[in-house]
1. Could you run the Karplus curve 6.51 cos²θ - 1.76 cosθ + 1.60 with θ = phi - 60° over segment B:98-110 and give me ³J(HN,Hα) per residue in whole Hz, x for Gly and Pro?
2. For segment A:114-125, what does the Karplus curve 6.51 cos²θ - 1.76 cosθ + 1.60, with θ = phi - 60°, yield as ³J(HN,Hα) per residue in whole Hz, taken in order and with x for Gly and Pro?
3. If the chain between A:T188 and A:E406 were fully stretched, how many nm would it gain, using 0.36 nm times the residue separation less the Cα-Cα distance?
4. In segment B:300-327, which residues become less accessible by 50 Å² or more once every protein chain is in place, relative to the chain on its own, using a 1.4 Å probe?
5. Specify the inter-centroid distance of segment A:401-416 and segment A:96-136, based on alpha-carbon positions, in whole Å.
6. Once all Cα-Cα distances of the protein assembly as shown are split into 10 Å bins that start at 0, what whole-number percent is in each one?
7. Return the average number of partner chain Cβ atoms within 10 angstrom of each residue Cβ along peptide B:194-206.
8. Quick check: pseudo-label points 7 Å beyond the Cα along Cα→Cβ at B:F107 and A:E31, how many nm apart are they?
Amino acid sequence: MQLKIGNFYVKDIVFGEKLSFADGVLTINKEEAIAFILEDEHITECDIVIARPGEKKRIVPVKEAVEARVRLDGESLFPGVTGDLRMCGSGTIHALKNMSILGVGKHWGSFGDGLVDMWGEGQKYTLFGSLINLCLVIDTDEEFEQREQQKKNRAIRWAVHRFAEYVGKVVAELEPEDSETYELPPVTKRSEEVNKLPSVVLVMQPQSQMEEMGYNDLLYGWDLNHFVPTFMHPNEVLDGGIISGSFMPSSSKWSTYDFQNFPTIKSLYREHGKSLNFLGIIMSNLNVSLEQKQRSAIFVAQIAKSLGADGAIVTEEGYGNPDADYILCLVALEDVGVKTVGISNECTGRDGASQPLVTLDVKANALVSTGNVSEMIELEPADEVIGELQALARDGLSGGWPDDDELGPSVREDGSIIMENNAMFCGDMIAGWSTKTMKEF
Amino acid sequence: MKKVIHYINQFFAGIGGEDKADHQPEIREGSVGPGMALNEALKDAKVTHTVVCGDNTMGTDTEKATATILEFLKDKEFDIFIAGPAFQAGRYGVACGTICKAVKEEFGVPVLTSMHEENPGVEMFKSEMPIFIGGPSATSMRKNVADIAAYANKLLAGEDTGPADEEGYFPRGIRHQVWLKEPVTAADRGVDMLIKKLKGEPFETELPISARDMIPIAPPIKDLSKAKIALVTSGGIVPVDNPDRIQSASATRWGRYRIDHMDRLKSGEFKTIHAGFDPAAADADPNVILPLDVMQEFVKEGKIGSLHPYFYSTVGTGTTQREAARMGREIYEHLKEDQVDGVLLVST
């Protein structure tokens, strides 16, 4: 299976007459673009705002991020979501780099939504602080969930996915600046040199803990709550086979942008044929009841063992309760003789003194830590807020609060904020971007 | 110029060895013994006073000696308190830890000390303060003093301090996120760690998990019909006026409430203050969270011996494990005193 991604590096985004891309500048016809988004009858209002790194702009509540792309065969980017089902992972894609499309609530936030700062101290807390963001600021008619802490955010999320296709088409006919090729032959058809190397799988645990449909990550449009682990080609993930959901506290989330560019997949590809034989991905999930957690761990361990994996990297989209799935999976693999490394964030509390994961096991002896969800962050006011700042305090975002005996409200009258890292949009970069770690003090 | 008060024992004050170990606490102006090296290493600060106390006095008459020293410090202005270095000297190490902890609690100033890893003071006090990793004997005096002073200089200048391994003190069990100085992504760190593990080469986990973190499950109660059982909940059930002002999330307080005179908790008398779930059902019938009704029936049926006359309550949502552990220990003292055999711990 071979996937070729041609890259177009965006230096700036501007509004203009015609949707076009030239000399690194992406031009958007705002009216046409808004009309396209409003084709969804559930979207009642839409604005498009550009946020560039260095501008004193704060974006909140951010619900989803997607990279704009086009498939040269004309197929949809997200089968089962924006188009018919097709097998992902091969063919040629053109992608607009250095930018993302963000889905932002015009008013209402929810538990899993996050914040992005484009300048200063707050910029480093998210990957998106250093990308040029096309923010779709949207209100919807989904009144049933307007006052709910948990929101499906369906209309906004789908708008972002559709808009990624709308923008991506602009580079369909153009020549990319450079390109990357991702190719893995079938597991049993690899050269002797590659077969001699230690075999490795990546175990992904995307978020799927909501029992009600509509909140979880979708695999080919399928809710991962109703799922047992399976073997996948890494290219399926890079090519839109999976999209993000709307549930997990934001800093622990994998956005669709993360799936499309999953750094841990790319690092394993880089070592493939050199120091390891990258067999592929065991796609697992995260569950609520112990029996469900155990069942998934059994499937993962069995598939890894049957494939002849010597090693595995396990990574979870979440913290807290999902730590149980994470540790269980690491232990199940170690128990069948597969050596493991885990990649996850920690929750050590605001004072840093709490147990880092909900469950611990000495067999999990090789862990990479990407951040602390409960780290306290205080940031100065922005010149411009994209979305609605009060959402952070009012709407139950995981890292914000309406009021507190000692700390006061998350959003202060002057527009400065105090929050937990929890509400930084995909802030712990568990997909593998994170250059944070955890240290003892 | 910032002010430092320094604590040393009778030996380093030049008073004498074992025969003078019951030397009573005293305070002198200026620096004494190791305090001179400390003074040299401090940038914009000096040792204004030195407290001297015999190791035996501190070890056997701890409360009185501590109170005397705190009294000495009451009218003194100081920005930081430093004890030792204590090297491998066990009683001296414990004395340094004891007095540092007391000074931190009484005056709220930073406290620092230094000990060798085998000093029993390390295990006893390392979670309370930075204890710098010192040498076994006074031959490493200059280096150990310099390490403390380097950290003190940063604190006094209001500069950021680094993690324990960079600064050179024993980790305190406090973990915070930091950006790596050489930015290597988590993806590359993970793949690199796996390659090392597969090759059998040494690797370093970023989250060490030791066997000591595991808490074994208690053995079962042999005969429930003779056992005294207590009810403890993190579900936030309290009398309606919440007399102990327990917080609805990230709780630091708990309460205990008498229940031996009632068969069940009545709606209107008890409610939940827990912010992590819909309270409607629990407010309508608090027994769904704290099953007093069922427990009293079990007592009547002889299924359990008796019920502890109080229930204990706090809120679990957002509450850190450290606070939960502290509250658990405090509640445990009451249960132990009343010889409770088993606890029904009701979470939500």
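The values are calculated or read from the model by the stated rules, or taken from the named source; none is laboratory data. Since we're looking at a predicted model, the values are computed, not measured. Counting neighbours? That spans all protein chains shown, and the Cβs are built from the backbone with ideal geometry, glycine included. When the accessible area is computed, the model is the full protein with side chains, heavy atoms only, and any ligands, DNA or RNA have been set aside. Shrake-Rupley method; radii C 1.70, N 1.55, O 1.52, S 1.80 Å.
1. These are the phi-based 3J(HN,Hα) values: 4, 6, 4, 4, 5, 5, 4, 5, 7, 10, x, 8, x Hz.
2. Here the 3J(HN,Hα) series is x, 10, 10, 9, 9, 8, x, 4, x, 4, 6, 6 Hz.
3. Working: separation 218, 0.36 × 218 = 78.48 nm, distance 6.09 nm.
Here the segment from A:T188 to A:E406 would lengthen by 72.4 nm.
4. B:Q321, B:R322
5. Rounded to whole Å, the Cα centres lie 21 Å apart.
6. 3, 12, 19, 21, 19, 15, 8, 3, 0, 0
7. Details: counts 17, 9, 3, 8, 10, 2, 1, 0, 0, 3, 1, 8, 11.
Counting Cβ atoms of other protein chains within 10 Å of each residue's Cβ and averaging gives 6.
8. 7.3
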